[in-house]
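Peer 1: Got a structure for you, written out below as C-alpha cells; questions coming shortly.
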Amino acid sequence: MEPCSCDTFVALPPTTVDNRIIFGKNSDRPCDEVQEVVYFPAAVHDNLKEHLKCTYIEIDQVPETYAVVLSRPAWLWGAEMGANEHGVCIGNEAVWGREEVCDEEALLGMDLVRLGLERADTAEKALNVIVDLLEKYGQGGNCSEGRMVFSYHNSFLIADRNEAWILETAGKYWAAEKVQEGVRNISNQLSITTKIDREHPDMRNYAKQKGWWDGKKEFDFAATYSYLDTAKMMTSSGRYCEGYKLLNKHKGNITFETMMEILRDKPSGINMEGEFLTTASMVSILPQDSNLPCVHFFTGTPHPERSVFKPFVFVPNISQLSDTSSPTFELEDSVKKKPHFNIKPDRRHPLYQKHQEALEILDSKEEKAKTMLDTMRKLEKELFKEMESILQNKALDVDKIVNLFPQCTKDEIRIYKSNFSS
C-alpha cells in the first residue's frame with residue numbers, strides 16, 4: 001500500500017436530495033498525527049512586498065484572502081480539506097505515477113488546498129489558482145512530520161454550489177475534468193481518462209517525448225501518466241472502485257448523512273485502520289440556492305464511526321475554535337531548522353486529548369462504550385435536525401451560529417468527561 005490514502009467524494013443533483021451538492025472527505029494519515037480544525041478570517045494585505053510563508057517556501061501574497069475553515073495536520077501551514085466563505089470546498093489526494101516525485105521543498109499539495117480556498121470564490125477559479133501556483137513554484141517536499149519521509153503528486157476535488165472539478169497532477173503537468181451532475185470520487189490514483197476539459201498546454205507533448213503516448217490513439221491521462229489499466233479501473237477491488245459503488249448505491253437519495261455513512265464504512269476500506277488511519281473527516285452541504293447557507297461538518301478527531309460530525313457555518317465575527325486548535329511551537333529550534341519538522345512535539349488539542357481517552361473506554365468497557373456512543377449519536381442527530389431546520393426555513397440565528405462549532409465541541413468534550421467520572 002502507498003504510505004498515504006485518502007478518499008474524496010462529491011454528489012450533485014439529480015443524485016442528491018433538495019438540489020444540494022454534497023462534498024465529503026476522509027483524511028487518512030499516520031495514526032499518531034493530530035489534525036486540527038481552524039478558522040482564518042478574510043483579510044486585506046496592503047503590503048504585497050511581504051511574502052507569504054507556506055509550509056516550506058515563501059510565495060507572493062495577494063491583495064485579499066477569503067475566510068476559510070480548515071482541517072489540517074497540526075504541523076503544517078496548508079490543509080487536507082476545507083471550505084471558504086463562498087461555498088468552495090477542496091480535498092486533495094496523494095497520487096503516484098510515471099513522473100518522478102520531487103523531494104525538493106516546494107509547495108505541498110496541502111498548501112495548494114489552502115491557497116485555492118483563500119484566493120478563489122468559485123471552484124473553477126480555485127483550479128486556476130492551483131495550476132498557476134503549480135507552474136510558478138512547483139510541488140514537492142516531505143509530507144510528514146518526524147523521521148518518516150514520503151512525498152507525492154496530488155489530485156484535487158474542488159466543488160462549489162454549482163459544479164465540481166477534478167484536477168490531477170504529475171509534476172507540473174495536469175488534466176482537469178468538469179463534473180456538472182451525478183457522482184464522482186477520487187482516491188490514491190489518477191482517474192481522469194479521456195474526458196479532459198482543461199489541461200496543461202504541454203501535457204501531451206511531454207508524454208510523447210517520454211514515449212508514454214504515440215500521439216495517435218485517443219489520449220487517456222490516467223493510462224498515460226500512470227501504470228493503470230483504465231479499462232479495469234471500475235471493476236477492481238481498490239478503494240476508488242469501492243467508493244464509486246457506495247455513491248452509486250444511493251444515487252437519487254444522497255444526503256449529507258449518506259455521505260457520513262460512506263466515510264464511516266469499514267468493509268470498503270474507506271474508513272481506514274492501522275498504521276495509516278482516518279485521522280479526520282469532513283462533509284459539506286452546498287445548496288444550489290444561494291440564499292441558503294452552506295454547512296460544513298468536521299470531526300477534528302480520528303475514527304469517524306467513533307467521532308461526532310460538528311457543523312460550521314460562515315457568519316461574521318466567528319469565535320475562535322480553541323478546543324480544536326493545537327498548541328504552536330513556532331519558536332522551537334527543532335521545528336525551524338533543516339531537516340524541517342524532524343522532531344514531533346505533542347500537538348494534541350483539547351478535543352483530541354479527550355477523544356483519545358474516550359477511545360480507551362470504548363475499547364475496554366462494552367456497556368459504558370454503548371452508552372457513550374448512544375449519547376454521541378444523540379448529540380449528532382440533534383445537530384443534524386438543527387441544520388436541516390435552518391436549510392428548510394431559511395432562518396439563521398447569527399448570534400447562535402457565531403459559537404456553533406465551539407459549542408458543539410464543548411458538548412462533545414462534556415460527553416467524554418461525564419463517562420470518565422461515572
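Peer 1: Tell me the mean residue ellipticity at 222 nm calculated for the chain from its helices only (DSSP H runs of n ≥ 4, each -39500 (n - 2.57), averaged over every residue, nearest 500).
Peer 2: -9000 deg cm²/dmol
Peer 1: Here's a follow-up. Arranged from highest to lowest average of other beta-carbon atoms within 10 Å per residue, in what order do the peptides 290-298, 208-216, 271-279, 59-67 appear?
Peer 2: Packing order, densest peptide first, comes out as 290-298, 271-279, 59-67, 208-216.
Peer 1: Rounded, prolate or oblate: which fits the range 263-417 when a ≥ b ≥ c are the square roots of the eigenvalues of the alpha-carbon gyration tensor, with rounded for a/c under 1.5 and prolate only if a/b beats b/c?
Peer 2: Oblate is the answer for the range 263-417, as a/c is 1.5 or above yet b/c matches or exceeds a/b.
Peer 1: Another question, if that's okay. Holding the Cα-Cα limit at 24 Å, pick out from K266/K365; K266/K378; K266/K370; K178/K249; K136/K344 the pairs that are longer than that.
Peer 2: Cα-Cα > 24 Å for K136/K344; rest within.
Peer 1: Which residues' amide hydrogens lie under 5 Å from the amide hydrogen of Y56, considering only partners 5 or more residues apart or on another chain, with H built in the peptide plane?
Peer 2: L108
Peer 1: On a straight-distance basis, which lysines could pair with K216 in a cross-link, Cα separation under 23 angstrom, same-chain partners fewer than 8 positions away excluded?
Peer 2: Within reach: K195, K208, K232.
Peer 1: Whole Å is fine, so just give me how far the alpha carbon centre of the range 282-325 lies from that of the range 341-386.
Peer 2: The range 282-325 and the range 341-386 have Cα centres separated by 17 Å.
Peer 1: Summarise the accessible area of the range 34-93 (1.4 Å probe, protein heavy atoms) by the percent that is carbon and sulfur.
Peer 2: Heavy-atom surface of the range 34-93 belonging to carbon and sulfur, 1.4 Å probe: 50 percent.
Peer 1: Let me ask you something else. Using modelled backbone amide H atoms (1.01 Å from N, in-plane), which distant-in-sequence or interchain residues come within less than 5 Å of L321's amide H?
Peer 2: Those lying under 5 Å, H to H, from L321 are Y39.
Peer 1: Moving on to the next point. Give me the 1.4 Å probe accessible area per residue for the range 1-159, excluding ligands and nucleic acids, in Å².
Peer 2: Per-residue accessible area for the range 1-159 comes out at 32 Å².
Peer 1: Whole percent per 10 Å bin, from 0 to the bin with the longest distance: what is P(r) over all C-alpha pairs of the range 121-253?
Peer 2: Values per bin, smallest distances first: 11, 37, 36, 14, 1.
Peer 1: For the range 44-129, rounded, prolate or oblate, judged on the Cα gyration tensor with a ≥ b ≥ c (square roots of eigenvalues), a/c < 1.5 rounded, else prolate if a/b > b/c?
Peer 2: Note, shape of the range 44-129 comes out oblate.
Peer 1: Within the set of other residues whose C-beta is less than 12 Å from the C-beta of D289, count the net charge using Lys and Arg as +1 and Asp and Glu as -1.
Peer 2: +2
Peer 1: So how do 30-41, 149-160 stack up, highest first, on mean other-Cβ count within 10 Å?
Peer 2: Put in order of decreasing packing, that is 149-160, 30-41.
Peer 1: Within 10 Å, count the other beta carbons around each residue, average over each peptide in 347-357, 370-380, and list them highest first.
Peer 2: Descending mean neighbour count gives 347-357, 370-380.
Peer 1: Sticking with this structure for a sec: Report the Cα-based extents of the range 98-197 along its three principal axes, largest first, to the nearest Å.
Peer 2: 42, 28, 23
Peer 1: Restricting things to alpha carbons, tell me how big the chain is in terms of Rg and Dmax, in Å.
Peer 2: Reported Rg and Dmax, both Å: 20.7, 71.
Peer 1: If you take every residue apart from D121 with its C-beta less than 14 Å away from the C-beta of D121, what net charge results, scoring Lys and Arg +1 and Asp and Glu -1?
Peer 2: Neighbour charge sum, excluding D121 itself: -3.
Peer 1: Taking K and R as +1 and D and E as -1, what net charge do the other residues with C-beta under 11 Å from the C-beta of L157 add up to?
Peer 2: With Lys, Arg at +1 and Asp, Glu at -1, the net is -2.
Peer 1: Starting from the Cα gyration tensor of the range 2-53, take the square roots of the eigenvalues, sort them a ≥ b ≥ c, and report rounded, prolate or oblate (rounded when a/c is under 1.5, otherwise prolate if a/b is larger than b/c, else oblate).
Peer 2: oblate
The values are calculated or read from the model by the stated rules, or taken from the named source; none is laboratory data. Fair warning: this is a prediction, and the values are worked out from it, not measured in the lab. Every residue, glycine among them, receives a Cβ derived from its backbone with ideal geometry; neighbour counts consider all protein chains shown. Note: accessible area is taken over every heavy atom of the protein model, side chains too, but ligands, DNA and RNA are not part of it. Shrake-Rupley method; radii C 1.70, N 1.55, O 1.52, S 1.80 Å.
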